[in-house]
Amino acid sequence: MSDSPILDLSLARRIMILASVVLGSTLYATTLLVASTLLPQMQGTFAATADEIAWTTTFNILATAIVTPTTGYLVNRFGRRRVMLTCVSGFTIATWLCGQAGSLETVVLWRIVQGGIGAPVVPLANAIVLDSFPRRQAGMVSSIFGMTVVLGPVIGPVFGGMLAEAYNWRWAFYMIVPAGALAVVAIRLTLPADRPGERVPLDWTGFLALATAIACVQLVLSRGQRLDWYESPEIMIETGLAVLAFYFFLAHSLTTRRPFLNLGLLLNRDYALGLVLVFIYGMVNFTPIVLLPSLLQQHAGYPDSIIGMVVGYRGIGGTIGFASTLVIGRWDPRLGMGLGFALLVVSGLWLASLDLNVGTNELLLNAVLQGVAVGIVWVPLTVMTFSTLPARDMAEAMALFHLLRNIGSSLFISLSVTQIVSATAMNYSRMTELITPYNRVLTTPGLMGGWTIETLPGLQGLSREINRQAAMIGYVNAFGMYTLASAAAIVLVMLARGRRRAAG
């Protein structure tokens, strides 16, 4: 990274660059989950079905996943400054148009543009941040940038939900526009002009093969649960296309002279291991944010205000975690990552021990612990992954890094929701088998409490309670998967090189 021309700038200019690109990437990260809080209102506005309104999220994720790998090519073709300005400007305009949309088709279109044109922002901003400061300060600037990745998706649903409740869903998009305009001006004034690299023609074969594979994988993950997975011909076709396209991409990339993605980067041991770890990090990062609100609202009877507090406290924990990396960043990266993933294991075991009578204080403390853990992991993970890569490969390597993080999140959330749905149905079926007049426990005075099988309302109430308990078993199983994934990451961390080798 020392060969970057940005390092010739003054410290004040570097700080201004850091602030401007972090602002732009924070805004993009904020929109990733904000739409999930707006879906009910948007569904009513457009008189859409649940399946139709879900396309506003599905196509946004698809566009993001397809365009993210092109970051390296775009930087080589047009230069960092021009790509960053274009992407932040286009993202801001598309966000405004999302709020202005008057039909379902229009809002889906602008969500596609928003996801696609903004996709390079996060990996490119990360590369610029790492390349703007000397390597010895990589931990500090990674900590600052990490708040973008972790806290942006937390901030978005909280403030977006508040604005949607006070006004309507359009204001959740409008709130981003002024800050986006400020980010454009800041990037224009602070980021120095750079010359594009060697103008290499785009490997259309590799790009289209990879785009097809990613699109099919995301469609499977987004629609699998809704279509009952491999009971659906659509899911089977998409899975087959994904496997075929990915095989074609690998075969082409290994035999062509100038591939779309340089697979030679995977020969760097730290980078290859970092990709695996960031995939797991993506799996465990957002899963509790997605699962807990539905559990607390639908089954534990918590109001939206408390659920918002739980999400907000996770952001507080994340701030503490990133602040602590100013000290932890001086350690061997393996120690920092090990500590962070160990705390995720503790939080997962804690979540798996909860029941439907869980108290608010316990939820808030667990949310803080989750935030601290993901904050601690990010900085040593980033430093270890990119410490031995040259600056010329940073944009391309960073794009793949963030792509795998996003795919990990989509994959694990889909698996967790599938586990909850299947476990709820299976356990409900098993428990209702015991509800018969021949079960002596049900007819013993004093044992049934307020439940009864003698009346229709009593049976309805008992059915609701059985469904709550069956769903809780599914959530416990999902939190168990979360814990196992975090524990597996600790084992992989041990394979990383120590500080002395990585710093060289």
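The values are calculated or read from the model by the stated rules, or taken from the named source; none is laboratory data. Quick caveat, the model's predicted, so the values are computed rather than measured. Note that we place each Cβ from the backbone using ideal geometry, even for glycine, and neighbour counts take in every protein chain shown.
The table below lists the values:
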read-out	value
In segment 49-69, residue farthest from the chain's Cα centre (by Cα) [restricted to those that are free of Cβ contacts under 8 Å to residues at least 60 places away in the same chain and buried (at least 19 other Cβ atoms within 10 Å of the Cβ)]	ILE53
All positions within segment 184-209 that are assigned to a helix (DSSP H, G or I), at pLDDT below 85 and within 16 Å of ARG82 (Cα to Cα)	none
Helices (runs of 4 or more DSSP H) completely within segment 388-504 that count 3 or more residues being farther than 30 Å from LEU335 by Cα, within 29 Å of the chain's Cα centre (by Cα) and modelled with pLDDT of 85 or more	394-432, 456-493
Out of SER103, SER132, SER142, sole residue that is over 26 Å from ASN285 (Cα atoms) and at pLDDT below 85	SER132
Filter result (free of Cβ contacts under 8 Å to residues at least 40 places away in the same chain and β-branched (Val, Ile, Thr)) within segment 253-308	THR255, ILE307
Any hit, segment 373-386, residues being under 20 Å from GLY79 (Cα atoms), of a type outside the set (A, V, I, L, M, F, W, C) and assigned to a helix (DSSP H, G or I)	no
THR212 hydroxyl-bearing (Ser, Thr, Tyr), surrounded by fewer than 20 Cβ atoms within 10 Å (Cβ to Cβ), part of a helix (DSSP H, G or I) and in contact with a His (Cβ under 7 Å, 6 or more places away or on another chain)	no
Of all residues in segment 247-267 being surrounded by 18 or more Cβ atoms within 10 Å (Cβ to Cβ) and under 26 Å from the mean Cα position of the chain (by Cα), the one that is modelled with the highest pLDDT	PHE249
Residue, farthest from GLY90 (Cα to Cα), within segment 142-183, restricted to residues that are in contact (Cβ under 8 Å) with a residue 24 or more places away in the chain and not in a helix (DSSP H, G or I)	ASN168
Pick from segment 323-365, criterion in a helix (DSSP H, G or I) and of a type in the set (Phe, Trp, Tyr), ranking: surrounded by the fewest Cβ atoms within 10 Å (Cβ to Cβ)	TRP350
Out of ILE320, ILE307, ILE280, ILE316, sole residue that is touching a Pro at 6+ places or on another chain (Cβ under 6 Å), of a type in the set (Val, Ile, Thr) and either assigned to a helix (DSSP H, G or I) or on the phi < 0 side of the Ramachandran plot (or both)	ILE307
Residue within segment 344-352 that is among the aromatic types (Phe, Trp, Tyr) and touching a residue at least 40 places away in the same chain (Cβ under 8 Å) present	no
Some residue of segment 212-235 being touching a Gly at 6+ places or on another chain (Cβ under 8 Å), among the β-branched types (Val, Ile, Thr) and in contact (Cβ under 8 Å) with a residue 40 or more places away in the chain	no
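For (1) in contact with a Lys or Arg (Cβ under 6 Å, 6 or more places away or on another chain); (2) at pLDDT 75 or above; (3) more than 20 Å from GLY408 (Cα to Cα), each residue gets a yes or a no:
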site	(1), (2), (3)
PRO5	no, no, yes
LEU9	no, no, yes
ARG14	no, yes, yes
LEU18	no, yes, yes
ALA29	no, yes, no
SER36	no, no, no
LEU39	no, no, yes
PHE46	no, yes, yes
THR58	no, no, no
